1. Given the criteria more than 30 Å from A:Gln86 (Cα to Cα) and basic (Lys, Arg), does A:Lys188 qualify?
2. Among (1) exposed (fewer than 13 other Cβ atoms within 10 Å of the Cβ); (2) among the polar types (S, T, N, Q); (3) under 18 Å from B:Phe32 (Cβ atoms), which single condition is B:Thr130 missing?
3. Restricting the search to the range A:92-144, which residues are within 21 Å of A:Cys219 (Cα to Cα), touching a strand residue (DSSP E or B) at 6+ places or on another chain (Cβ under 9 Å) and small (Gly, Ala, Ser)?
4. Taking the criterion of being surrounded by 16 or more Cβ atoms within 10 Å (Cβ to Cβ), modelled with pLDDT of 90 or more and more than 20 Å from the chain's Cα centre (by Cα), would at least one residue in the range A:113-132 satisfy it?
5. When the range A:55-82 is examined, which residues are found to be within 14 Å of chain B (Cβ to nearest Cβ) and either touching a Gly at 6+ places or on another chain (Cβ under 9 Å) or under 20 Å from A:Ile169 (Cα atoms) (or both)?
6. Among what's in the range A:133-154 and is in contact (Cβ under 8 Å) with a residue 12 or more places away in the chain, surrounded by 13 or more Cβ atoms within 10 Å (Cβ to Cβ) and not β-branched (Val, Ile, Thr), pick the residue that is nearest to B:Leu298 (Cα to Cα).
7. Consider A:Val168 carefully, then state whether it is touching a residue at least 40 places away in the same chain (Cβ under 8 Å) and in contact with a Pro (Cβ under 9 Å, 6 or more places away or on another chain).
8. Does at least one position in the range A:203-212 carry a residue that is of a type in the set (S, T, N, Q) and in a loop (DSSP other than H, G, I, E, B)?
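The values are calculated or read from the model by the stated rules, or taken from the named source; none is laboratory data. Computed from a prediction, not measured in an experiment: that's the story for all the values here. Backbone-built Cβ (ideal geometry, glycine too); neighbour counts: all protein chains shown.
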Amino acid sequence: MHVLLIEDDAETAEMTAQGLRESGHRVMVATGQVAAEQAVDAHDFDAMVLDRMLPDGDGLDFLRRLRERGDRIPVVLLSALGDVDQRIEGLRAGGDDYLPKPCALAELLARLDAVTRRRDGAAATFLRVGDLHMDLIARVVQRGGQDIALQPREFRLLEFMMRRPGQVITRAMLLEGVWHYRFDPQTKVIDVQLSRLRHKIDKDFSPPLIHTVRGIGYCIGALDQTA
Amino acid sequence: MVVFAALVFAAAGPVAVLALGAAVEVQMDHRFDRIARDMAGNIRSQPDMAAAVTALAARTPVHLRWIALTAGDGRLVAGNLGQWPDSLPRLAGNVTVAAELGPVRAAVIGMADGGFLLIATPMPERVFLTALEGEVALATSAIMLLAGVAAGVLIARRALHRLDRVNRTAATILAGDLSRRVPRDGGDDEYDQLADNLNAMLDRIQGLVGTVRGITHNIAHDLRSPLNRLRGRLEVALMTERSPAEYQQALAAAMDQADSIVATFNALLTIARIEGGVANLDRRAVDVTEAVESLGDLYQPLAEESGLDLRIEVDPGLLIAGDPHLVSQALNNLLDNAIKYTPAGGFVRLSAHLTPQGICVSVRDSGPGIAADQRGKVLEHFVRLDPARHLPGAGLGLSLVAAVVQTHGAVLSLQDGASQDGGPGLLISLTFPPLTSS
């Protein structure tokens, strides 16, 4: 995809841009609001990474102007201001996701991927990944026609993942999406949760559906590289 | 100030002397007036007043008393004077007049025939007395002036000397020696009170500086080691030619190291933000019941993996006022620690109950516990107990708990877990004030 990266620190911009390019994206860098506005007028972008603290003001002002004129481009906000309040403020201004700085490049890539995919599955009551089926009304999970008994938290975890098939899902996304935690518990709680779930979903079946994405998180179904 | 005080002091002496002198003179005048009145009464009671005056005058020396009687036409009838004194008006009354040898106190009494009876007392010693008064006044004035100036200078020097000591102490402290204190004189006066207050202030500052110094030192220490390890890892990786797989492994390990450094920084920032922003705390109703259940849910598989029996006991509908994320994070850190430090086969209990003191959330484990004398230290920044040194991050986690406890008006207590199976265990309780409906 074509990404507009708005970041004033040259070294950070350079590094982030390189990471995005090597992941197969086209990147344009703008170092301030004015340059960003010009870039938006001249090109079509699929997504935007917006640093809040810019030399010519708060990146949120730029985002608000963008939304006021009806631009729905997916935006991931980056900020050293990692407070919950500021996160809420960022999302209210029209951001699709908000990451505190410093953040891992892999985290940013996963979030970008998530915000650019169409969420047409949000209201679905029946989810399917390969031969794994989830019926949200009956609260039943089957694989290859066989019932799999899940605890409530395992069910919520699997639902979160099955709504994002083929996407990289980071630990932070799981903590946030399933447990509503926005801090890092500094323990392998998520890994243990996933290994439990994986045991139930993949142990007696083939091929494995839940994959570990090294150093980043997990993915359900074949990793979709086209985004 | 000192000069003014000395002048007032010097003026006070002569004024006192002169006032005393005037009082003595008035007393003398009154006495002489009384004597004159008695003598006049005696003379007027005689049938022949002229004869009585003549008889009296005959035995009265003129330097002791003047006696004279005039007739209605002003003619001198009797007495020991050659003539009516010039300076004395012929008017009834008591008056002091000047004469050759000094002042004279005179009583002039009007007679029925229009004449006057004069009885007067010369007071030559008044001249001497007045002179003496002047000299004494001058002398006291001089003495008082000297004493006043001396006392003033002494007091001022003492005050300046004590201020100078405060100043010099302050200068030494400014130069970097925070251990210096302002000396006391033991007089318990305003200067000693000033010294006490300054010293109390210095004690507090020294304590705070010590804390900050300790924190800075610990931050440097805690970050230097992982940074050195990171650097070492990269250095070793670059030493010889390696396969791409080996490079990948080395880089991944380096990334993990960097992540843990960032995590330490984030924890420090969070604590600093909590401690610095009590007023900005986002206070909402926090559903403790839900927070505890959710946490138990998150940790259950890890506890089972670690061979621990994790049980959640929670009353329904417990609400407190606070920041839900911070409360969750604090409880997370406590539970995380309990699971980390409790050996396999033990238990961890996470419970939340309504007690008379408030809403009590506690984590009890069967781990090694914390010795009673170490418990105070546990919550200080970065302090890690020795047995736990090999497990990372414990100190900061508890510091965050302490900061959350402080900003939420909660009470933290550490007790023995009183486990039945071996280890002393640990019971950490946070008691929050319940949410008031107002």
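1. Here the answer is no, as A:Lys188 does not meet what is asked.
2. The single condition B:Thr130 does not satisfy is (1).
3. A:Ala104, A:Ala106, A:Ala110, A:Ala114, A:Gly121, A:Gly130, A:Gly144
4. Yes, the conditions are met somewhere in the range A:113-132.
5. Answer for the range A:55-82, where residues must be within 14 Å of chain B (Cβ to nearest Cβ) and either touching a Gly at 6+ places or on another chain (Cβ under 9 Å) or under 20 Å from A:Ile169 (Cα atoms) (or both): A:Ser79, A:Leu81.
6. It comes out as A:Arg153.
7. So A:Val168 does not fit the description; no.
8. So far as the range A:203-212 goes, yes, one or more of its residues are of a type in the set (S, T, N, Q) and in a loop (DSSP other than H, G, I, E, B).
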